[in-house]
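Q: Following this message is one structure expressed as structure tokens.
The values are calculated or read from the model by the stated rules, or taken from the named source; none is laboratory data. Source: prediction; values computed, not measured. Backbone-built Cβ (ideal geometry, glycine too); neighbour counts: all protein chains shown. Side chains included, ligands, DNA and RNA excluded: accessible areas come from the protein's heavy atoms. Shrake-Rupley method; radii C 1.70, N 1.55, O 1.52, S 1.80 Å.
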Amino acid sequence: MPKVTVDGIEIEVPKGATVLQAAELAGKEIPRFCYHERLSIAGNCRMCLVEVKPGPPKPQASCALPAAEGQEIRTDSEMVKKAREGVMEFLLINHPLDCPICDQGGECDLQDQAMAYGKGGSRYAENKRAVTEKYMGPIIKTVMTRCIHCTRCVRFSEEVAGVEEIGAIGRGEGMEITSYLEGAVHSELSGNVVDLCPVGALTSKPYAFEARPWELTKTLGIDVMDGVGTNIRIDSRGREVLRSLPRVNDDVNEEWATDKTRHAIDGLMKRRLDKPYLRKNGKLEEVSWNEAFQAIANVNAGSSVAAIAGDLVDCETMYAAKKLLKSMKSEMLEGRQTGLSYDVSNLAAVNFNTTIAGIEEADVILLVSTNPRWEASLVNTRIRKAVRKGNAKVFGIGPEADQTYPVEWLGDDIGLLAKLPKALADALKGAERPAIILGGGALSVEGSHGAALKLATKYKLVRDGWNGFNVLHIGASRTGGLMLGYATDGGIKAIAEKKPKLLFALGADEMDYRLFKDSFKVFIGHHGDAGAHAADVILPGAAYTEKNGTYVNLEGRVQRSNKAIFAPGDAREDWSILRALSDVMSKTLPFDSFEELRAKMAKDHPELAKEGLVTLEWSPPTGLSDKPKGQGVHPIKDFYLTNSIARASGTMQLCSAELLHADDEIMEAAE
């Protein structure tokens, strides 16, 4: 490890580190605009200038200069100070200085660094350059006159998102950043360029002119739009969520978030259930809580009661419902609302075992009837990283889909799992870290789970220090539900065959309610979607931003989300609804507060007691059918409209219409 001296402090730095990284290891702040830890080095903003000896007697860009043995680095000399002031003066020559109307105000790197490293005045008196606005889609608002050509957005779209649709045209002062043919950016991750932009050139279009950062209450939360468990910060004002931004978690989402995570939040204010309803003479009518509870208590169900959990439900709600059913001597619990019925006797066999970060280490990856770009976009970025940096080879069984990296598609017959093509078999045999990713579409085919487990044994996907067997769950509640026992042999159809007299639907909007046409259906949820339309009683619940909750992501990582705002109207937190209902049904649950509920859950399920990755012992089931027959499918047909919140979001509807269905034929009225 080379030793360098930074402002008189001698330190050792890792081999391959840059001078900028060495300075930061020494505790020195280096200003920058173009440099970003997760992107390639561009070296084009020149703000990170330092003085280095031995070397030429002039400032050098520290982001692109390797740290070498014996270097003397000065970050605070007069030369460096003057150079940074000069760079800042040049940057502000053409900048419009329209901070009062810029959405980046208060969070702007240019503002902060002009204050800390700028000169305080300009010698430039000529007219400023102006640049026409560029259209980049429903998510990104552009004011390109503010652009300082840092190219962070270009590098992100090419390297992380894998969509080469943002680039530069022209040269020198005439250089402009634009999307291809000034069209919308077709990426599920496009909103991240707003966070990356160090000035106000790219801002959030749905959030435009909504608030200033100092007005907002910031709450740490967990996203529920997919199974990744993206760490987010919920920014709210009053009783409304205005922003959802990613937090840094290198094990889960790094510092990225999908467009759905960011912008489905306007759906939290629309189509909300805010009062209890009871179906009378075939029509839902507004009633009091007591009347709704009494109608449920009047159902002479006995032990003929079932609970189906939706994709957005927290563990505490599922645990409370489980305890209520147990008091009624029923164990009919299911969380796989779309009808899947795979074996769950060993949770490691239905887990994402490599971990999200660990999939980057794989050298051969087999995708089985999964489209990770839509089902778990931030897992897909990790696979892309494995391909770009580790030269991983990716094979696919199932319908072809653009994953932003090369995939050798072998066909959409799931039977290929039982008899692998030679190219794939040879690749798995020679792989040091082979991995398989089984999607929800594969799990819907009888025999696919068993065939995948047999393949894992044959090609030693599980070995010392490596478990390459992965199942990709779509729902945020799925893994937590499996831990809590929300899985019945035969799945939801087996429960429907028992014809339960009373059915609790916990935010279940994707299930087929025709299976339960003879059941008295109680919907506990937050949006007027499919579940509310089918219900006999609606009990208005709280969305993920309106309650504390525990969520387990697809790799088995327990995470906690905090309450940011209150639920609208008469809506209540789901666990408290179940607690109040249990009193009316004379089945009083053994907790009176959320803290007591969480303590009871931790006692019954110790794996949910603390945050972190749950260790699951690999002991896969045997005797499963391993002769799959059927075509692979992708369970997600529209990335932007996968749940009740997203479907209520005007922004998501706009994204779906423009980015996915813009080329669809528009039928005339006469047709």
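Q: For segment 517-591, compute the orientation-averaged projected area of the C-alpha convex hull (one quarter of its surface), in nm².
A: 7.0
Q: Between the DSSP loop rule and a limit of at most 10 other Cβ atoms within 10 Å, which GluC sites (Glu not before Pro) in segment 372-440 are left?
A: 432
Q: When the solvent-accessible surface of protein heavy atoms is calculated with a 1.4 angstrom probe, in what order do 214, 374, 256 fall, highest first?
A: 214, 374, 256
Q: Per residue of segment 623-637, in order, report the coupling 6.51 cos²θ - 1.76 cosθ + 1.60 (Karplus, θ = phi - 60°) as ³J(HN,Hα) in whole Hz, putting x for Gly and Pro.
A: Listing the rounded values in order: x, 6, 4, 10, 10, x, 9, x, 8, x, 9, 9, x, 9, 9 Hz.
Q: I'd like to know which of 289, 362, 339 lies farthest towards the positive end of the charge dipole of segment 270-414, counting +1 on Cβ of Lys and Arg and -1 on Cβ of Asp and Glu.
A: 289
Q: While we're looking at this one, here's another question. Between residue 625 and residue 611, what is the spin-label point distance in nm, taking each point 7 Å from the Cα along the Cα→C-beta axis?
A: A separation of 4.3 nm, rounded to one decimal place.
Q: Residues of segment 141-160 with amide nitrogen under 14 Å from the 7 Å Cα-to-Cβ point of residue 210?
A: The answer is 141, whose backbone nitrogens lie closer than 14 Å to the label point.
Q: With a Förster radius of 51 Å, plug the Cβ-Cβ distance of residue 593 and residue 29 into 1/(1 + (r/R0)^6) and report the FRET value to the nearest 0.05.
A: Here the calculated transfer efficiency is 0.70.
Q: Give a quick list of trypsin sites (Lys or Arg not before Pro) in segment 563-671 that DSSP marks as loop, anything other than H, G, I, E or B, with at most 14 other Cβ atoms within 10 Å.
A: 610, 629, 637
Q: Under 5 Å between amide hydrogens, which residues at least 5 positions from residue 527 or on another chain qualify, with H placed 1.01 Å from N in the peptide plane?
A: 273
Q: Which cross-chain or sequence-distant (5 or more) residues have an amide H under 5 Å from the amide H of residue 634, H modelled 1.01 Å from N in plane?
A: Amide H neighbours of residue 634, under 5 Å, 5+ apart: none.
Q: Calculate the tail of P(r) for segment 14-83: the fraction of all Cα-Cα distances greater than 15 Å, expressed in %.
A: I get 48 percent for the Cα pairs in segment 14-83 exceeding 15 Å.
Q: Whole-Hz Karplus ³J(HN,Hα) for segment 365-370, in order, using 6.51 cos²θ - 1.76 cosθ + 1.60 and θ = phi - 60°, x for Gly and Pro?
A: Result, rounded to whole Hz: 10, 10, 8, 10, 6, 9.
Q: If you don't mind, another one. Taking R0 as 41 Å, what's the FRET efficiency between residue 40 and residue 129 from their Cβ-Cβ distance, rounded to 0.05?
A: Efficiency for this residue pair is about 0.90.
Q: Which whole-number value in Å² is the accessible area per residue of segment 89-242, probe 1.4 Å?
A: On a per-residue basis, 44 Å².
Q: With a 1.4 Å probe and every protein chain left in place, tell me how much accessible area residue 262 has, in Å² to the nearest 10.
A: 10
Q: Give me the percent of the accessible area of the chain that comes from carbon and sulfur atoms, probe 1.4 Å, all protein chains in place.
A: The value for the chain is 50 percent carbon and sulfur by accessible area.
Q: Please report, for the Cα atoms of segment 180-321, the Rg to one decimal and the Dmax as a whole number; what are they, in angstrom?
A: Rg, Dmax (Cα atoms, Å): 20.5, 64.
Q: Take 322, 205 and sort them by solvent-accessible surface of the protein heavy atoms, 1.4 Å probe, largest at the top.
A: 205, 322
Q: Could I ask something else about it? Between residue 81 and residue 248, what length in nm is gained on full extension when 0.36 nm per residue of separation is reduced by their alpha carbon distance?
A: Between residue 81 and residue 248, full extension yields 57.0 nm more.
Q: Can you list the HN-Hα couplings for segment 307-313, worked out from phi with the Karplus curve (6.51, -1.76, 1.60; θ = phi - 60°), rounded to whole Hz and with x for Gly and Pro?
A: My calculation for segment 307-313 gives 10, 10, 9, x, 7, 10, 7 Hz in order.
Q: Right, here's the next one. Give me the number: length gained by fully extending residue 661 to residue 239, i.e. 0.36 nm times residue separation minus the C-alpha to C-alpha distance, one decimal in nm.
A: 148.6 nm
Q: How large are Rg and Dmax for segment 5-162 when calculated on the C-alpha trace, in angstrom?
A: 17.2, 51
Q: Provide the solvent-accessible area of residue 186, counting protein heavy atoms only and rolling a 1.4 Å probe, rounded to the nearest 10 Å².
A: About 80 Å², rounded to the nearest 10.
Q: Still on this structure: For the full complex of protein chains and a 1.4 angstrom probe, list 539, 641, 340 by accessible area with the highest value first.
A: From most exposed to least exposed: 641, 340, 539.
Q: Follow-up question, since we're still on this one. Quick one: grab the alpha carbon gyration tensor of segment 366-489, order the square roots of its eigenvalues as a ≥ b ≥ c, and give me rounded if a/c is under 1.5, else prolate or oblate depending on whether a/b is larger than b/c.
A: rounded
Q: Which GluC sites (Glu not before Pro) does segment 95-162 hold that lie in a coil by DSSP with at most 10 other beta carbons within 10 Å?
A: When the GluC sites (Glu not before Pro) of segment 95-162 are filtered for loop state and at most 10 Cβ neighbours within 10 Å, 126 remain.
Q: Just the accessible area per residue of segment 256-390, please: how many Å² with a 1.4 Å probe?
A: 33
Q: Taking every DSSP beta bridge with both residues inside the chain, roughly what % is antiparallel (nearest 5)?
A: Taking every DSSP beta bridge with both residues in the chain, the antiparallel ones total about 60 percent.
Q: With every protein chain left in place and a probe of 1.4 Å, what is the accessible surface of residue 135, to the nearest 10 Å²?
A: Answer for residue 135: close to 90 Å² accessible.
Q: What does the C-alpha gyration tensor say about the overall shape of segment 232-300? Classify as rounded when a/c is under 1.5, otherwise prolate if a/b is larger than b/c, or oblate.
A: prolate
Q: Here's something else I'd like to know. Under the rule a/c < 1.5 gives rounded, and otherwise a/b versus b/c splits prolate from oblate, where does segment 77-118 land using the Cα gyration tensor?
A: oblate
Q: Right, here's the next one. Quick one: which residues, 5 or more positions from residue 242 or on another chain, have an amide H under 5 Å from its amide H? H modelled 1.01 Å from N in the peptide plane, none for Pro or chain starts.
A: Result for residue 242 returns 235, 236, 237.
Q: Assuming R0 = 22 Å, what is the FRET efficiency of residue 446 and residue 303, from their Cβ-Cβ distance, to the nearest 0.05?
A: 0.15
Q: Hey, if you put +1 on the Cβ of every Lys and Arg and -1 on every Asp and Glu Cβ in the chain, which of 269, 309, 209 ends up farthest toward the positive end of that dipole?
A: The Cα lying farthest towards the positive end belongs to 309.
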